[in-house]
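Q: Next up is a structure, given as structure tokens.
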Amino acid sequence: MFEIAGYKRPMYRGQHPFGVEGWMLDSDGVEVSVLLHVDENGRLLELELIRWDSKDLLGPRWETLRLQ
């Protein structure tokens, strides 16, 4: 979790896509999707990493991150 000092989040009404998606490789070479979600004010709410083969995330290789 992270917080922005002095920032009061609006009431939760779901997450909204930020409009940038990406992918990177996990430590075993499997592709991982990277999604950003924002709150009602357009502030970062969640950084989501999805490994589509349903296995646990091992260790994202951040140097392989590519944005679309």
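Q: Restricting to region 35-56, what's the tally of residues that are under 21 Å from Leu25 (Cβ atoms), under 13 Å from the mean Cα position of the chain (by Cα) and not charged (D, E, K, R)?
A: 5
Q: Right, another one. Check Arg66, Arg43 and return the single one that is touching a residue at least 40 places away in the same chain (Cβ under 8 Å) and of a type in the set (D, E, K, R).
A: Sole residue among the options that is touching a residue at least 40 places away in the same chain (Cβ under 8 Å) and of a type in the set (D, E, K, R): Arg66.
Q: Conditions first: (1) surrounded by 13 or more Cβ atoms within 10 Å (Cβ to Cβ); (2) over 13 Å from the mean Cα position of the chain (by Cα). Gly59 passes all but one, so which condition is the exception?
A: (1) is the only condition that Gly59 fails.
Q: Which members of region 1-25 meet the condition of being closer than 15 Å to Asn41 by Cβ and of a type in the set (A, V, I, L, M, F, W, C)?
A: Ile4, Met11, Phe18 - these are the residues of region 1-25 that are closer than 15 Å to Asn41 by Cβ and of a type in the set (A, V, I, L, M, F, W, C).
Q: As an exercise: evaluate Met1 against (1) more than 17 Å from the chain's Cα centre (by Cα); (2) at pLDDT below 80; (3) of a type outside the set (Val, Ile, Thr) and give the number of the one condition it does not meet.
A: (1)
Q: Restricting attention to region 18-35, does a residue exist that is polar (S, T, N, Q) and in a strand (DSSP E or B)?
A: yes
Q: Return yes or no: is Ser54 of a type in the set (Ser, Thr, Tyr), surrounded by 10 or more Cβ atoms within 10 Å (Cβ to Cβ), out of contact with any His (no Cβ under 6 Å at 6 or more places or on another chain) and modelled with pLDDT of 85 or more?
A: No: the conditions fail for Ser54.
Q: Additional query: So in region 1-45, with the set limited to residues that are surrounded by 12 or more Cβ atoms within 10 Å (Cβ to Cβ) and acidic (Asp, Glu), which one is nearest to Gln68 (Cα to Cα)?
A: Glu21
The values are calculated or read from the model by the stated rules, or taken from the named source; none is laboratory data. Just so it is clear, the structure is predicted and the values come from calculations on it, not from any experiment. Positions of Cβ are generated from backbone atoms using ideal geometry, with glycine treated the same way; all protein chains shown enter the neighbour counts.
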